[in-house]
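The values are calculated or read from the model by the stated rules, or taken from the named source; none is laboratory data. Treat the numbers as computed from the prediction; the structure is a model and nothing was measured. Here Cβ is always computed from backbone atoms with ideal geometry, including for glycine, and neighbour counts include all displayed protein chains. Each accessible area value is taken on the protein alone, full model and side chains, heavy atoms only, with ligands, DNA and RNA left out. Shrake-Rupley method; radii C 1.70, N 1.55, O 1.52, S 1.80 Å.
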Amino acid sequence: MDHIIHPIPPVFDERSRVLVLGSMPSPASRKLGFNYGHPQNRFWRVMARLADEPVPSTNDRKRDFCLRHHIALWDVLASCEIKGASDASIKNALPNDLASIVSAAPIEAVFCTGAKAFELYNKLGCKEACGIDAIKLPSTSPANAACSLDKLTNAYAQIFTHTHEFEPPVLDVEQVVALEHAVADGGTPLSELMDRAGAAVAHRVQQVWNEIIAGTYEKELLPLDAESGEPCVTVLCGNGNNGGDGWVAAELLAAAGIPVCVATTKAPEEISAQPAHDAAVRAQIALEVSSNAQILLDTDGSGVRSVIDRTLIVVDAMFGCGLRGGLSREPYISWVFLANRLCGHHTTIAVDVPSGVSAQDGYGFLQSTPRILADETITMMVPKPGLSARECGKVRVAPLAYIEPLLI
């Protein structure tokens, strides 16, 4: 038995609506410095599944996830004697000051993640201190292997009926740039925002890929030529930060076992924009050793032409909100033509805004200049005025950061 004093501070702010409580952090969580840190614990997988987001992979992303969804996260116990991670062994338990959270935030529901946390919440006076009856949820611990991921997801869905999700306003492009810098000034650098953007794109692409393979995707696609080769995702990367998002997404897709081809006009080491340069160099290292990946250095469109016939999903990561004057040079014109010409055989997902479409007013910069016709657009952090354009298709907002305090 070890005497453990709770080492992890609570996550909450004045907007938190739900308090989620475990019993005491496991040794793995204490080492990581954040709740539910055991690699086999399913808590973060369940929460991400319910929010339809990538699973948060770092402590900062987990904290951000909770705050964005107005979830306060802590544990019932301040200290106890415990053997390893065994809740059944807990003795001499003392409670945390949960009332300090309830008094500082409009908490309307308390959930305990497991029978022991629920028992201790009621036994140690937490119910009286908080003035709220707790709801018992099944444990997400690997020890509760009898409870499937689907059952856990159904049970935890109750949490999101209390979270009062924030709907970001439509912002002009200049306001979006200012918001990105404000987020960076708050401690989330642009490189981290790029990693999160790429993860959001990969998350949606993987969903669409699985739906296409299963035959359940909402868009009916014409069959690929069986002789064209193994089906793949083709990521069209520009040389700016929109392209950096594409490199991050490609790296994650290959790691997930999805065949991916990355088209670029420059070798990663020649890309000058930051943080796109670093993202591309890092992705190149991973992609070159992957059996699922191919990098196409394409300056005239021939590289994309060689794979378009076997492409199930095109990811348009050429140009984002910063594009001025439209698409006017090769190979981008050819890439757009190839993506649009064979759109019946694949689906196209644009990153932030379809290349060639103005995020500000929704028009092509010139009627004669080419622009991607996207089935879906994954735009970052907030909607933009131009996303009502028909070229954008269905628009999904990837939240990326906790921006609510910056906008209210």
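General observations
- For the chain, the carbon plus sulfur part of the accessible surface works out to 52%, probe radius 1.4 Å.
- Stretch gain in nm, segment Q175-E108, where the contour uses 0.36 nm per residue and the Cα spacing is subtracted: 20.8 nm
- Theoretical gain in end-to-end length, F160 to I408 [0.36 nm per residue, Cα-Cα removed]: 87.1 nm
- Protection proxy ranking for 340-347, 197-204, using the average of other Cβ atoms within 10 Å per residue and placing the highest first: 197-204, 340-347.
- Modelled label reach - T153, point 7 Å along Cα→Cβ, the stretch 257-297 residues with backbone N closer than 20 Å: 257-258
- Which of K136, K127 is most accessible, then next, and so on - probe 1.4 Å: K136, K127
- Accessible surface, per residue, of the chain when the full set of protein chains is kept, probe 1.4 Å, Å²: 43
- Backbone N within the stretch 169-190 under 20 Å of label point (7 Å from Q207 Cα along the Cβ vector): 169
- Inter-part distance where the stretch 87-164 and the stretch 173-198 are each reduced to a Cα centre, Å: 34
- Using the Cβ-Cβ distance between L342 and L297 with R0 set to 35 Å, the FRET efficiency works out to roughly 0.95.
- Summing Cβ point charges (Lys, Arg +1; Asp, Glu -1) relative to the Cα centre of the stretch 204-281 gives a dipole of roughly 160 debye.
- Read-out Kirkwood radius over Cα pairs in Å, derived from the coordinates shown; its label in (i) 20.5; (ii) 22.8; (iii) 21.8: (ii)
- Antiparallel bridge percentage (DSSP; both residues within the stretch 1-140; nearest 5): 40
- Length gained when the stretch S89-Y363 is fully extended (0.36 nm per residue, less Cα-Cα span): 92.2 nm
- Net charge in the neighbourhood of N239 (other residues with Cβ under 9 Å of its Cβ; Lys, Arg +1, Asp, Glu -1) is 0.
- Nitroxide proxy distance, nm - points 7 Å out along Cα→Cβ at S100 and V281: 4.4
- Separation between Cα centres of the stretch 358-408 and the stretch 235-297, rounded to whole Å: 22
- Karplus 3J(HN,Hα) series, Hz, for the stretch 302-317 with 6.51 cos²θ - 1.76 cosθ + 1.60 (x for Gly, Pro): 5, x, 5, 4, 6, 10, 5, 6, 10, 8, 8, 9, 9, 9, 8, 10
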